[in-house]
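Bear in mind these aren't lab numbers, they're just calculated from the coordinates by the rules spelled out. Predicted model only: the values in this text are computed from it and were never measured. For neighbour counting, all protein chains shown are included, and Cβ atoms are generated from backbone atoms with ideal geometry for every residue, glycine included.
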Amino acid sequence: MINRREFVQTGLATAAIMAGPRVSSATTDVTGLTLRQASTALGRKALSPVDLTRACLDRITALQPRLNAFITVLPEQALADARERERELAGGRRRGPLHGIPVALKDNIDTAGIRTTAAAGGFAERIPAADAEVVRRLRESGAILLGKLNMDECAYGVTSTSGWFGAVKNPWSEAHVAGGSSGGPAAAVAAGLCYGALGTDTGGSIRQPAAWCGITGLKPTCGLVSARGVIPLSWSLDHVGPMARTAEDAALLLQAIAGFDPLDPASVESSPVDYARALDQSTRRLRIGLPREMYFEDLDPEIASAVTAAIELLRNLTAGTRDVTLPAVPNLSLLFVEAGAYLAPALAASPDGFSPNIRALVETGARISAASYAEARRQLALSRHAIRQVFDDVDVLVTPTTPDLPSRIDAGAAPARRGPPLSARNTTPFNIYGLPTISVCCGFAKSGLPIGLQISGPAFGDARVLALAHAYQQRTAWHERRPA
């Protein structure tokens, strides 16, 4: 947790930067700024892209040995890009709020000429020829790529301890997991190694690590953000989304990456939205649905207490709450089939390059019949249709992000259970429904570990979800805490 001296120093640095005169990153810890604050400082020429990039690289150098959040760091390329963004600013060109902002990517998102491994030994030397669509859009927005972030092997896991490159450590307690599979992005954002990151989410892999690392993580509506150029786990369930310190920062990242991609068969055309401007929309008329069955059961007592307090605050920001029941969700057999279809050739080519866990995933998929897969696809479509009716009576849904707190890295495997792991129990249904869903920090356990609150909306209600998350953060300070 940030101490008083650090709080004062960061507050004074922020005030100085926001005041206007140029402030060197050598004298202020600019990694304590939010993405929005850093963008504002660049716009006022109080800082430069090189200042921000050097500060992040210095912090990566200091903390990477402890956290293991990165797989690949790109200092020379990042600084070269920062100098180019600085020249553009000097020439009067600013591409938008991400211009000159250092960000990082989960290492299953393709980057041209830069290895993209999915934290698997079999992909350790995999070098894509082209950027993923979301990377192309980030580059066009002027963002600076610091590197590629650690994760669970092939995005199949909830701890980010299963990858070829070792375990990611939670910045709040290095003895605990950061969550998964986007543990590297969550840890990097929480620790101030970058101003934002992109993760992927198949069953909670953005939101669960966001909750456990105390940051904001958004799984957008299915089809809103292109997944072309992302190593898949499940074509039917995969989503790409922003991970940042605040809902406002997530909105700025979403603005850059959202939009129709005609080359992605899962991409959906929708009306353009100004997500940053939508943050200011009133939440007073929003009706909150609380799906208590399953989602509020078997909670850690400290999570139950924090979420109850958060819901009480949300009642004062909205039209109130009512209990709702959500449609049943099908099993995840289609995930095994789709993961196996993609990974089987790589496993055959490099049998020693993947763990027994991935081998079992592929073998399970191979045993599922075509008829079973077809039925699973049908059930997925039915679930996405049925969830629409819930929003006849409510506007958003609120649940705990996870029922449990992060486990210790040395705790070993969790007990076997049917369905998703316990930590993904509350997140996985929203991948099946395809709905926009965000996790925000709503408190801390006595151990100092963060607690997450999950807000979901109807399909393409991403702006509504962001607005309520932003309203909550405007009235709380949980998201302002930083790990020691």
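Taking 0.36 nm per residue of sequence separation and removing the Cα-Cα distance, the Arg87/Arg44 pair yields an extension gain of 14.0 nm. Only aspartates and glutamates eight or more places from Lys169 in sequence, or on another chain, were considered; those with a Cα closer than 16 Å are Asp152, Glu153, Asp410. Its alpha carbons considered, the range 4-480 gives a radius of gyration followed by a Dmax of 20.9, 66 Å. Considering only beta bridges that DSSP places wholly inside the chain, some 75 percent are antiparallel. Ordering of 176-186, 371-381, 150-160 by packing is 176-186, 150-160, 371-381, highest average first (other Cβ atoms within 10 Å, averaged per residue). Can you work out the PRE-style zone for Arg475? Point 7 Å along Cα to Cβ, and I want the residues of the range 307-326 with backbone N under 20 Å. Once the point is set 7 Å along Cα→Cβ of Arg475, 307-323 turn out to lie under 20 Å by backbone N, inside the range 307-326. Distance between the pseudo-spin-label points of Arg115 and Glu375 (7 Å out from Cα toward the beta carbon): 4.4 nm. Divide the volume of the convex hull around the Cα atoms of the range 100-216 by the residue count and you get 87 Å³ per residue.
Computed from the C-beta positions of Ser447 and Asn357, the FRET efficiency with R₀ = 30 Å rounds to 0.60.
Within straight-line reach of Lys219, meaning a Cα separation under 18 Å, sit the following lysines at least 8 residues removed in sequence or on another chain: Lys106.
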